[in-house]
Structures are given as C-alpha cells and as structure tokens.
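The block underneath contains the structure these notes are about, expressed in structure tokens.
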Ligand code: ADP
Ligand code: MG
C-alpha cells in the first residue's frame, strides 16, 4: 500500500494530510492524485465514502498558485451542503499553504456577500450550478484563468436537472485545454455524453465494489404489515438506541409527517429536504451533526453526499426507488471503515422481492429480521431508564433535592422505600403498539400463584408498600412479585409459584404501615369484592409482629 509521501505532494500539504490523520491514501486517491497532478482528465466512478474529495482536493490545492486572484479551479457540486463540505476539506488541505483563497458560492445566501468575497480573490471556487450561472451572468466570476474543473457527484446533478447549466458553464470556460475531472457514483449515458464532449482521453478509474462503504454495514430488513410502519419505527428506534440516526423517505411530505409524529412522541427528530430555504437546511444539518437532534429525516436528494461521521443507524423507512439510492443511503453509515447498521422497512411481497434484488445487485447480504418482542422491548426500555438513573448518580445534585430527601428521611421513611417511590413516579411504561410484532411462539411466562393480604384501599396502602414489605419480609427479590391488585378491603398479589409458600409464611403475620396483616394462598380467580377473608391459622406458631414499615416519630 502506497503512502501519501510516496505521492508527488509538497511538504506543506503532507503536513496538512497528517494533521487530518489519514494514514494512507484510499484506492481512488492513489490513482487520481498523480493523474490530476500530471494534468490528465479523470473520469472516476466510485461509491460514496471512498474519499473522492481528497482525491481531487489534494492535487488541486497542490497545483493552484498562492496569492492568485483569478479562479484557477472550479468545483461544481449538487447541493449547498456539499459545497460547504468540500470547501471545508479544501481549507484543511491548504492549512499550511498560505494565500490560497477558497470561496463557496451557493443559492439561498445574499449574492452581494458572495460578490464581496469573490472580489478579494478566489483561486478555487466551489459552487452549485445554479449560483455559478448566476454569477457568470452578472460577470462577478470570470473563468479566464480557470484550467481545472471538477464535477462532483455528476449523476446527482443531472438527476436534479442541472444538465443545461453544467453544459453552459463548461462551454463558457475560455481556456482551450482545461483539465476536467468528473466523479460520479454511476455512469449513465448522459454522463458519458458529457465526457465525450468535454473530456480529452480521460483516465478512467473505477473502484471495485470491495472497497465500498456498504461492506462494513450490517444490513437487515423488517417485513411490516401495511399501515404499521410508524409503530415499527418507534420500536426499532428504541431497540437500536443509536447515537445518530438517519431516516430516509421517498417524499418530502413524508419527511414532514414523520418529524411531526416523532416529535409528538417526544422523540427529537429534524427534517431535511429540498423545499427548505438553504439557510434553514444548513442549520438543520448542524443541529444533527452536533447531536441536538439525533435523528435526521431526509429525502435522497437532500442527503446526497453528506458526510457525517458516527451515523450509526440508517433506516430506509421507504424502500428506495433505485438500487443506487440504496447504496447511497446505506453509505451514510459505516463511513471510513466504521461499523454501521442499515435497516429497511418492507411492506408486501413486491417489496420483499425488491429488497432481494437490491441484495443481489449490491452483492451483499440483507437478512430478514423479526421485530423485537414485547418482552425484549420492555426490558430494553427498563435498561434505558436504569442507565439514565446511573448517569444521574454521577451528576451534581441540587440543594432542593437534598432538602426533599432529608425531609422524607426525617419523617422516618426507609431509603429503599423512598427510592422505589421515586422510581414509580418517574418511570413510564413504554406505550408501543405491538400489533406490528409478528406472532411469536408464546413464551411460557413464569408460573404465578395468588396471595391474598388482609389489607386494602381502606388502609391507604400502595403497591409500593406491599412489594417492599414482601421483599423485606421474605428476603426475596421483588422480581418474584407480579401484579398487585389492591381492592377495598384486601389485596391480591401474584407471586412466583416457586416461592408462594415461603412468601405466605413470611407474610402470615406481619405488619404493613403499622397494621397487622394476614396472608394466605388464594386459589380462586377473584372477581367479587366481598370474597372471604383469609383465615388465620391458629395452629401455626405465633410470631411477634415484625417491625413497622412506616415508623412514626
Ligand atoms: P466521497 O466523496 O467518496 O463520498 P469523502 O471525500 O466525503 O468521500 O470522504 C469520506 C470520509 O473519509 C471523510 O470523512 C474523509 O475525511 C475520510 N477520508 C478521506 N480520505 C481518507 C484517507 N486517506 N484516510 C482516512 N480517511 C479518509
Ligand atoms: Mg463526495
């Protein structure tokens, strides 16, 4: 494997590359950098995440002359986000090469500001086709000195309808033999035509599928009944609990709808699509990158080329309309060799066939996965809560918190009881709609039996009191307790059948809230309120009343 310093690159730029932490050039960089330095035209086909920006960025920064005012290199990208991303990277490459001005131009920002910037010099201009055309018409950019042109994500620009603009820009360059570099994930005939017309015997570089981002991504699909996709989404978002998630839909309308629905459920999500004002889009994008909104919902066009590290999860809420779209979406995760997960929601046989075709086309394995079961979800929900509590344990605690706890302790409540009460107050059972979950073989739940206690609503006891008492009296974990059904004059408690005798024995003559309690096994399914009281068994050895659960001062 070649090293960057084996390529004919100056020390300033090698230093900048080193600062970026790139250990070795990617395949496309190995081939493209020397060719572009030599002045050759390049036609590069490679998938997202293979390091194309540096493949053309490094040689361009190498070649432009410092302090040159006129535009020497023009980079054309489909969206504002990409323009900014490419500009950023270029600036990093030129960190130690002084006097190289790189100016981004794009729609949605007052053109005057860009004109001011351009006046100060611009060796490299990075722009969207529309805004470049705009400046050309106003004569606020001149391409007289331009001898390098890059079309980045060329196929996407054609998809977006920029064909005429691009042709016009390319024709307006006076330089007779400018160097033209074209990168595209796919090579449809429209691209080949551009190549024929504007490139001169280009070096064609195609990166074999082995280096694709998609290969480091774990891909699965879920079959979801019609109309249940949102329920499934909610379940899967919690199940994967990813840091940053990108959700793809096929329409802008659905982007907005999903954002609304998720926000209603207190799940922080933000949307990105082409209809949004440019400035707003950048803000959205930053909010996502910084993790303020850890879920970004987008259409294909809006998300093109976006490079955010650490997207752990990609969800194809809609199955993509095209194989290549699938690759691009999935390529949002698993960037630069990192692990990622991509899941696709599939409805109906036609879509199942479609996802299988995608797997064939991409030569990857996309396995069918059952949705997590209700038990798994309840468990993971609980674990998330426990994690939150654990995190809180490491946080500073406010003065008021201390005052509250001290007051309760002073009133004589046991610390475990206070803690349990607090958990009961703040823990919310998840409200997932499990209709989506495929019928799973019914798991035999724990065998439970019923214990009846002679204490009820009239005694103002709570389930919390009772569960605490059981676990304290029996010394068993509260896990053995099932449902607690407090009636007016008695309470029915489900107990793991294995422990029922032990528990009843321990509870037989204890006190809860200072009240004597009798316990017994209840074999009937209680429906009626006035069922018989559990008789006290006179033959059992008498025990002295246990300590009072709620001490009074
Ligand atoms: P593409 O344009 O092919 O989708 P990018 O140029 O956006 O890919 O690069 C994808 C990611 O890989 C970026 O985060 C970039 O910083 C990183 N990267 C590029 N080249 C290298 C390299 N040689 N070593 C390590 N990381 C790299
Ligand atoms: Mg790119």
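The values are calculated or read from the model by the stated rules, or taken from the named source; none is laboratory data. Since the structure is predicted, the reported quantities are computational estimates derived from the model, not experimental observations. When we count neighbours, we look across all protein chains shown, and the Cβ atoms used for this are built from the backbone with ideal geometry, even at glycine.
Within 18 Å of the chain's Cα centre (by Cα) and either part of a loop (DSSP other than H, G, I, E, B) or at pLDDT below 90 (or both) - does that describe any residue in region 352-362?
Taking every residue of region 352-362 in turn, none turns out to be within 18 Å of the chain's Cα centre (by Cα) and either part of a loop (DSSP other than H, G, I, E, B) or at pLDDT below 90 (or both).
Which numbered condition trips up residue 21, out of (1) within 11 Å of ligand 1 (Cβ to nearest atom); (2) within 34 Å of the chain's Cα centre (by Cα); (3) touching a residue at least 24 places away in the same chain (Cβ under 8 Å)?
Tallying (1) within 11 Å of ligand 1 (Cβ to nearest atom); (2) within 34 Å of the chain's Cα centre (by Cα); (3) touching a residue at least 24 places away in the same chain (Cβ under 8 Å), residue 21 fails exactly one: (3).
If you go through region 159-190 one residue at a time, how many are within 16 Å of ligand 1 (Cβ to nearest atom) and closer than 16 Å to residue 75 by Cβ?
Matching residues across region 159-190 total 4.
Given the criteria more than 34 Å from the chain's Cα centre (by Cα), free of Cβ contacts under 8 Å to residues at least 60 places away in the same chain, surrounded by fewer than 22 Cβ atoms within 10 Å (Cβ to Cβ) and more than 16 Å from ligand 2 (Cβ to nearest atom), does residue 38 qualify?
Against the criterion (more than 34 Å from the chain's Cα centre (by Cα), free of Cβ contacts under 8 Å to residues at least 60 places away in the same chain, surrounded by fewer than 22 Cβ atoms within 10 Å (Cβ to Cβ) and more than 16 Å from ligand 2 (Cβ to nearest atom)), residue 38 qualifies.
Taking the criterion of being modelled with pLDDT of 90 or more, surrounded by 12 or more Cβ atoms within 10 Å (Cβ to Cβ) and under 30 Å from residue 52 (Cα atoms), would at least one residue in region 364-382 satisfy it?
The answer is yes; a qualifying residue exists.
Here is a check on your reading of the model: is residue 116 within 16 Å of ligand 2 (Cβ to nearest atom), part of a helix (DSSP H, G or I) and surrounded by fewer than 22 Cβ atoms within 10 Å (Cβ to Cβ)?
no
Restricted to region 132-158, and to residues that are within 16 Å of ligand 1 (Cβ to nearest atom) and over 16 Å from residue 196 (Cα atoms), which residue is surrounded by the fewest Cβ atoms within 10 Å (Cβ to Cβ)?
Residue satisfying both the conditions and the ranking: 156.
Anything in region 108-134 that is touching a helix residue (DSSP H, G or I) at 6+ places or on another chain (Cβ under 7 Å) and modelled with pLDDT of 90 or more? List them, or say none.
Selection gives 111, 124, 126, 127, 128, 129, 130, 132, 133, 134.
Filter region 203-222 down to residues that are crowded, with 19+ Cβ neighbours inside 10 Å and more than 16 Å from ligand 2 (Cβ to nearest atom), then give me how many there are.
Total satisfying the criteria: 4.
Contact list please: Cβ distance under 7 Å, first residue in region 50-68 and assigned by TED's automatic domain parsing to the domain that holds residue 82 and within 15 Å of ligand 2 (Cβ to nearest atom), second residue assigned to a loop (DSSP other than H, G, I, E, B) and modelled with pLDDT under 95, pairs at least six apart or on different chains.
Close Cβ pairs satisfying both conditions: 50/26; 50/207; 51/26; 52/46; 58/9.
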